[in-house]
Every structure is written in C-alpha cells, then in structure tokens.
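Engineer: Could you have a look at this structure, given as structure tokens, before my questions?
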Amino acid sequence: MATKTKYELTKKDFRQMNRRNIFLNQLGWNYEKMQGSGYLFIVLPQLRKIYGDHTPELKQAMRMQNQFFNTNPYLNTTIQGLDVALEEKQGISSLETVSGLKNGLMGPVAAIGDTIFASLIPAIIGAIAANMAVQGNPAGAFLWLAVNIAIMYFRWIQLEFAYKGGVTLVTKLQGEMNALTNAATLLGVYVVGALIASLVNIDVPFVAHIGKMTVNLQNEFDTIMPKMIPGLAVGLIYWILGRKRMTSTKAIFIVIIVAVVFSALGVLGKGA
Amino acid sequence: MSGNILLWQVIVLTFYSMYQIIDDLTFISSLAQPVWAGLITGAVMGDVTKGLIIGGSLQLTVLGVGTFGGASKIDANSGTILATAFSISSGMNAQTAVAAIGVPVASLMIETDVLGRFTNTYFQHRIDRTIEEENYHAFERNYLYGAIPWALSRGIPVFIALQFGGGLVTEIVKVLDTKMVWLSNGLATAGALLPAVGFAILLRYLPVKKHFAYLILGFTLTALLTTVFTNVQTLGTSMAKVSSSFSNNFTALPMVAISLIGFSFALNAYKRDVGNLPSSTDSQQNGPSQPEQSEQKNTKDEDGEIDGDED
C-alpha cells in the first residue's frame with residue numbers, strides 16, 4: 001500500500017521551511033481556519049517536490065493541509081517535522097495519518113508551548129524588564145530581545161529534530177517537558193510573590209485622630225506585616241477575576257475606578 | 001491639530017505600530033512588548049525615561065495576559081505608544097497617562113484586532129479558490145496579503161489618534177491640573193495599583209494552589225528584605241551627611257538574588273520529577289505502550305495534580 005515517493009528532503013528544504021515559519025507564519029490568521037493557511041504555506045514547497053506540480057495527489061494534500069489548524073507559534077514546526085517525514089516516506093497514503101497527527105497534536109503542543117513560551121517566560125522576563133524600565137533603565141528590554149533571539153534558535157532546530165526523531169521521540173519527551181513545566185511554574189509563582197512585594201506601590205495615607213492620639217494606619221500595618229496592602233490588593237483582584245463573566249479588561253477598569261474613589265476619600269495613595 | 005507631535009513623529013510611530021503586530025505574529029522578537037514600545041516611542045518623542053516608565057507600568061499591567069486559542073488580547077503596545085506620545089507632548093504625569101490614556105486605548109484596540117482577524121477571512125476564501133485552481137503563486141500571494149489587514153488594524157487607529165487627538169489631550173491635561181486634581185491623583189494611584197492586576201491575572205494561569213507555599217515564601221522574603229534594604233539605605237544617606245568619613249554605598253534590594261533563591265527550589269523539584277520518570281531504556285523497549293508510561297508517571301506524582309488541568 002505504500003506509494004513510495006522519490007523525493008528526499010535536504011538541508012535546503014528545512015532551511016526553507018524554517019524561513020517561512022519564522023518570517024511569515026500566522027500572517028493569514030483568520031477566524032475561519034486560524035493558522036490553517038499558514039501551515040500549508042510553510043510546507044507547500046516540499047509538498048510540490050514530493051507529489052509534483054498539477055498532480056491530483058498534490059491537490060488532495062493541499063486541501064487537507066488547508067484545513068483548520070491552531071497551535072503555539074513557538075513549537076508548531078515540531079508537528080510539521082513529523083508531517084513531512086511521513087509524507088516523504090509514504091506519500092499520499094499517509095494523508096489520513098498526517099491529518100490525525102495534526103489534529104491530535106495541536107492541542108497538547110499548544111498547552112505546553114502556551115504555558116512555557118507564551119506565559120511563563122514572558123511573565124518572568126517581562127517582570128524583570130518592566131522592573132528596570134520603571135526605574136528608567138532600558139537594559140531589561142535588550143535582555144528580553146536577547147532571550148527571544150535564543151528562543152528563535154530553538155524554533156529553528158526543532159523542525160529537523162522532530163523530522164528525525166519521529167512520533168516516539170516527541171511523546172517520550174513529554175514526561176521531561178511535564179517536569180520542566182512543573183519546575184518553571186514553581187519558580188513563576190515564587191517570583192510573582194516577590195514582585196507583588198516589590199512592585200505594587202500603594203499605601204494608606206489615612207491618619208486617624210482619636211482624641212489627642214494620632215494613629216498613622218500605614219505604620220500600624222507595617223508592624224503587622226510589611227507590604228500587607230499590596231498583598232491584600234492582589235488577593236482581592238484574584239478573587240474578582242474568578243467571578244463569572246469577568247474578563248481581565250473589565251477587572252482593569254474596576255481597579256482604576258476603585259483606586260480613583262479610594263484616593264479621593266484619602267484612604268489609598270501612591271507609595272513613596 | 002496634534003499638540004506638539006510633529007508629522008515625522010506621527011509617521012514613524014504609525015509605521016512602528018504596524019511593524020510590531022507583524023513582529024508579534026512571526027519572529028516574536030519582543031520588540032512588540034510594551035517596554036519596547038515605551039523605549040522606542042520615548043526615543044522618537046525625545047524623552048526615553050518617561051517612555052520606559054509608561055511602557056514598564058503597562059507591561060506589568062498585562063503580565064500574564066497571553067493570547068490563547070486565537071482570542072484577542074488587550075493591546076498594551078498601542079496603548080503605550082499613545083500614552084507615551086501624548087504624555088511627553090502635553091506634559092502629563094507618567095502614572096496618570098498610564099491610567100487615563102494607556103488602558104482605555106489598549107482596550108479599545110481589541111475591536112480593531114477583531115476587525116483585522118475578521119477581514120483576513122476574505123483572503124482565506126481566495127486561498128481556498130487558488131487551491132482548486134492549482135495556482136501556487138496566487139496561493140502564496142493571497143496568503144501574504146494577510147499582512148495588510150493585520151498592519152492596518154494597528155496603523156489606522158494609531159495614526160488618527162496621534163494626528164487629531166493632540167488638542168483634546170492638551171485640554172484634558174489643563175483640566176486635570178487645575179479643577180480636578182483629585183482625579184489626577186486618583187489616576188496616579190490607579191497607575192501604581194495596576195501591576196497588582198497583572199500579577200493576579202498571572203496567578204490565575206499558574207497552578208497557584210499547588211505551589212502556594214512558594215507564593216508566601218517569595219512575598220514574605222521580599223517584603224521583609226525590601227523594608228530592611230530601604231531603611232539601611234535611608235540610614236546610610238543620613239549618616240553620610242553627619243560624618244564625612246562614612247561612605248554610603250548601600251544598594252536597593254537586588255531582585256536577581258531573590259529570584260536565585262526561588263530557582264534553587266525549582267531545580268530541586270525538577271530533579272525529583274525527572275528521577276521519578278521511568279528510565280529511558282524502558283520506554284524504548286516498549287515504545288508503543290505510551291499510555292501505560294504516562295499512567296505510571298501520574299501515580300508517582302505525589303501531589304496528584306497534573307498541570308494540564310489548571311485553567
């Protein structure tokens with residue numbers, strides 16, 4: 001049943017796919033098929049070499065590759081690597097497998113990629129860069145650029161890695177990826193705790209006059225637990241975000257309104 | 001007319017806003033992040049420090065807001081461009097500009113993002129047709145046309161706002177500085193509180209229940225040490241004034257050192273988890289039995305929680 005194809009992929013093919021991925025992926029993103037056309041755009045030159053121009057096979061492969069697809073843009077070429085390895089060896093008879101592979105892997109790949117590359121790394125480096133920026137220091141922004149260029153290198157080599165390793169290698173790595181994700185989220189949670197204490201800069205300027213005694217509330221709070229107010233604020237917003245039909249954008253506006261009202265009442269102020 | 005924003009500045013910033021969204025889709029170089037938007041807009045407008053402060057504040061506000069499954073996210077980059085440009089041209093306080101311009105612009109731009117993604121459906125239909133016609137060059141051309149709606153979804157609103165919004169912003173600043181100082185102070189307080197939203201959103205995405213102890217550890221350690229470092233710094237500065245032989249070189253709390261403590265815990269957790277994995281020779285021998293492997297792994301996970309089930 002194997003309709004073997006004559007064409008074998010070369011280094012040049014991988015370079016072409018990587019160029020198309022890094023410079024032009026997601027440009028065709030739309031609500032109907034999301035990254036579908038982008039997926040086909042990346043593999044099209046290789047499909048044309050495998051099946052030949054204007055063959056019914058190529059048309060069939062192009063139709064299949066143009067279907068709905070959406071995954072994490074950092075790890076997407078691992079799927080393309082497995083895909084071209086199969087199509088190169090088994091030709092048109094592999095299309096059903098490839099389609100199943102695409103649909104089966106885009107979810108898990110998105111989950112891993114979004115956790116590590118789209119949330120954790122930007123959050124940790126973003127916090128460092130922002131922390132420096134609010135003090136007028138641009139070094140953090142350049143650090144971020146350097147990190148993302150390093151990540152681009154991994155995006156470049158993973159295609160050939162997936163092509164050579166095949167499905168078993170990718171699934172085998174999943175255990176290690178889970179351990180890595182667990183360690184990274186631990187660090188993430190710890191760093192967020194540290195950042196709350198150092199970057200949420202609000203205090204209570206309210207001074208109570210009871211008879212002849214004046215009570216500076218902020219001093220009282222500081223003897224209990226320094227940075228208590230920022231900690232409570234984050235806890236409260238965390239709770240608000242968990243309410244039904246709450247979005248992050250709505251929460252941001254609620255915080256602005258509450259801050260303006262409390263500031264006008266003299267209860268809340270910008271820290272020194 | 002635009003306040004003090006020159007035409008060349010409007011054009012450069014419009015092009016940057018168009019470039020950044022393409023960058024964020026393709027190379028993902030970080031140039032599309034608010035800190036960079038602040039740095040670049042600040043450089044164009046002639047006040048890099050103010051740009052960095054605004055970019056940094058908005059960066060903290062959206063920390064943890066990622067795009068998942070193609071949902072539109074709050075466009076803090078365009079918000080930073082406009083907040084920085086107007087803050088510098090009209091002399092508005094940086095923290096006030098974050099809450100008064102940055103956030104409203106960033107959330108309004110969600111709509112143009114949706115419009116851009118929707119417009120691209122038109123090119124998708126043309127792509128579908130080129131496949132049936134076996135016209136490979138037309139396919140690639142129509143795919144690349146997708147960049148146009150993306151770029152315009154940022155370029156048009158940024159251009160209109162910069163070119164025609166200046167007068168309005170100057171008026172608002174005048175009112176805020178005279179009749180409505182309370183509102184101006186309130187917006188500055190809001191600007192200082194907004195990073196709290198960023199951290200809360202981030203915690204929603206992280207398995208915070210599982211690692212709660214580390215949240216407390218990071219928070220308490222930093223809260224205590226910040227107080228100590230700040231007080232020592234203040235003390236040192238006063239001492240230097242009293243005695244000239246006292247040299248004051250106390251620094252602020254180094255966050256990298258704080259992060260390293262957390263890193264050591266993360267490293268231990270990683271080593272423990274990898275040690276619990278079935279050995280690689282095992283998994284090679286019974287290669288196809290993948291489900292069995294993952295089951296083994298899950299039972300060994302003492303916390304009984306899998307990362308994937310966190311929302």
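Engineer: For region A:67-82, which residues satisfy the criterion of being buried (at least 23 other Cβ atoms within 10 Å of the Cβ) and farther than 19 Å from B:T26 by Cα?
Structural biologist: A:L82
Engineer: I would also like to ask the following. Taking the criterion of being more than 7 Å from every other protein chain (Cβ to nearest Cβ), open to solvent by 80 Å² or more (accessible area, probe 1.4 Å) and within 30 Å of A:F253 (Cβ to Cβ), would at least one residue in region B:211-218 satisfy it?
Structural biologist: Within region B:211-218, one or more residues are more than 7 Å from every other protein chain (Cβ to nearest Cβ), open to solvent by 80 Å² or more (accessible area, probe 1.4 Å) and within 30 Å of A:F253 (Cβ to Cβ).
Engineer: Out of region B:11-40, which residues are more than 18 Å from A:L143 (Cβ to Cβ) and facing another protein chain (nearest Cβ under 7 Å)?
Structural biologist: B:L25, B:T26
Engineer: Next question, about the same structure. Does B:M92 meet the test of being more than 10 Å from chain A (Cβ to nearest Cβ), touching a helix residue (DSSP H, G or I) at 6+ places or on another chain (Cβ under 9 Å) and not in a helix (DSSP H, G or I)?
Structural biologist: yes
Engineer: Out of the residues in region A:196-240 meeting the condition of being within 41 Å of the chain's Cα centre (by Cα) and assigned to a strand (DSSP E or B), tell me which one is nearest to the other protein chains (Cβ to nearest Cβ).
Structural biologist: Ranking the candidates gives A:I202 first.
Engineer: For region B:102-117, state whether one or more residues are in the same structural domain as B:L152 (by TED's automatic domain parsing) and under 20 Å from A:P138 (Cα atoms).
Structural biologist: Within region B:102-117 (the criterion being in the same structural domain as B:L152 (by TED's automatic domain parsing) and under 20 Å from A:P138 (Cα atoms)), the answer is yes, since at least one residue qualifies.
Engineer: Among the residues of region A:135-146, which ones are in contact (Cβ under 8 Å) with a residue 12 or more places away in the chain and either among the polar types (S, T, N, Q) or open to solvent by less than 70 Å² (accessible area, probe 1.4 Å) (or both)?
Structural biologist: A:G140, A:A141, A:W144 - these are the residues of region A:135-146 that are in contact (Cβ under 8 Å) with a residue 12 or more places away in the chain and either among the polar types (S, T, N, Q) or open to solvent by less than 70 Å² (accessible area, probe 1.4 Å) (or both).
Engineer: Please go through region B:125-171 and pick out each residue that is charged (D, E, K, R) and part of a loop (DSSP other than H, G, I, E, B).
Structural biologist: B:E133, B:E134
Engineer: Working carefully through the options A:N103, A:N182, A:N70, find the one that is assigned by TED's automatic domain parsing to the domain that holds A:P56, in contact with a Gly (Cβ under 7 Å, 6 or more places away or on another chain) and not hydrophobic (A, V, I, L, M, F, W, C).
Structural biologist: Going through A:N103, A:N182, A:N70 in turn, the sole match is A:N70.
Engineer: Residue check: is A:P73 within 18 Å of the chain's Cα centre (by Cα), within 11 Å of another protein chain (Cβ to nearest Cβ) and not in a helix (DSSP H, G or I)?
Structural biologist: In short, yes.
Engineer: Out of all the residues in region B:172-197, which are outside any helix (DSSP H, G or I) and open to solvent by 70 Å² or more (accessible area, probe 1.4 Å)?
Structural biologist: Within region B:172-197, B:K179 is the sole residue that qualifies.
Engineer: Please count how many residues of region A:147-167 are open to solvent by 50 Å² or more (accessible area, probe 1.4 Å) and touching a Ser or Thr at 6+ places or on another chain (Cβ under 9 Å).
Structural biologist: 3
Engineer: If we scan region B:172-183, do we find a residue that is under 26 Å from B:K73 (Cβ atoms) and not hydroxyl-bearing (S, T, Y)?
Structural biologist: no
Engineer: From the list B:L13, B:L7, B:L108, pick out the single residue that is farther than 22 Å from B:A196 by Cα and open to solvent by 10 Å² or more (accessible area, probe 1.4 Å).
Structural biologist: B:L7
Engineer: Based on this model, can you work out whether B:G191 counts as at the interface with another protein chain (Cβ under 10 Å from one of its Cβ atoms) and under 27 Å from A:A127 (Cα atoms)?
Structural biologist: Against the criterion (at the interface with another protein chain (Cβ under 10 Å from one of its Cβ atoms) and under 27 Å from A:A127 (Cα atoms)), B:G191 qualifies.
Engineer: Are there any pairs with C-beta distances below 7 angstrom linking a residue in region B:112-128 that is facing another protein chain (nearest Cβ under 7 Å) and over 19 Å from B:V158 (Cα atoms) to a residue that is open to solvent by 60 Å² or more (accessible area, probe 1.4 Å) and modelled with pLDDT of 95 or more, with the two at least 6 apart or on different chains, and if so which?
Structural biologist: Every condition considered, the pairs that remain are B:F123/B:Y145.
Engineer: Hey, can you tell me all the residues within region A:83-116 that are open to solvent by 10 Å² or more (accessible area, probe 1.4 Å) and β-branched (V, I, T)?
Structural biologist: Passing the criteria: A:I92, A:T97, A:V109, A:I112, A:T115, A:I116.
Engineer: Let me ask another. Consider region A:133-157. How many of its residues are in a helix (DSSP H, G or I) and in contact with a Gly (Cβ under 6 Å, 6 or more places away or on another chain)?
Structural biologist: 1
Engineer: Same structure, new question: Evaluate the following for B:V65: is it at pLDDT below 90, buried (at least 17 other Cβ atoms within 10 Å of the Cβ) and on the phi < 0 side of the Ramachandran plot?
Structural biologist: Yes; evaluated as a whole, the condition is true for this residue.
Engineer: Okay, moving on. Test B:I160 against the criterion of being modelled with pLDDT of 95 or more and under 25 Å from B:Q9 (Cβ atoms), and give yes or no.
Structural biologist: no
Engineer: Would you be able to tell me the number of residues in region B:131-144 that are among the polar types (S, T, N, Q) and either more than 9 Å from every other protein chain (Cβ to nearest Cβ) or surrounded by fewer than 14 Cβ atoms within 10 Å (Cβ to Cβ) (or both)?
Structural biologist: Adding up the residues that qualify gives 1.
Engineer: Kindly list, by first and then second residue, each pair from a residue in region B:159-186 that is assigned by TED's automatic domain parsing to the domain that holds B:A83 to a residue that is among the hydrophobic types (A, V, I, L, M, F, W, C) and open to solvent by 40 Å² or more (accessible area, probe 1.4 Å), limited to pairs with Cβ atoms under 6 Å and residues at least 6 apart or on different chains.
Structural biologist: Once the first residue is assigned by TED's automatic domain parsing to the domain that holds B:A83 and sits in region B:159-186, its partners that are among the hydrophobic types (A, V, I, L, M, F, W, C) and open to solvent by 40 Å² or more (accessible area, probe 1.4 Å) give B:G167/B:M1; B:W182/A:A264; B:G186/A:A264.
Engineer: Taking only region B:121-158 into account, find how many residues are among the aliphatic types (A, V, I, L, M) and farther than 30 Å from B:L108 by Cα.
Structural biologist: Count: 3.
Engineer: Hey, among B:A71, B:A43, which residue is open to solvent by 10 Å² or more (accessible area, probe 1.4 Å), part of a loop (DSSP other than H, G, I, E, B) and more than 9 Å from chain A (Cβ to nearest Cβ)?
Structural biologist: Residue meeting the stated conditions: B:A71.
Engineer: Scan region A:18-37 residue by residue and report those that are more than 14 Å from A:F69 (Cα to Cα) and of a type in the set (A, V, I, L, M).
Structural biologist: If the condition is that a residue be more than 14 Å from A:F69 (Cα to Cα) and of a type in the set (A, V, I, L, M), then A:I22, A:L24 are the ones that fit.
The values are calculated or read from the model by the stated rules, or taken from the named source; none is laboratory data. Since this is a predicted model, take the numbers as computed values, not measurements. Counting neighbours? That spans all protein chains shown, and the Cβs are built from the backbone with ideal geometry, glycine included. Quick note on the areas: whole protein, heavy atoms, side chains included, nothing else; ligands and nucleic acids left out. Shrake-Rupley method; radii C 1.70, N 1.55, O 1.52, S 1.80 Å.
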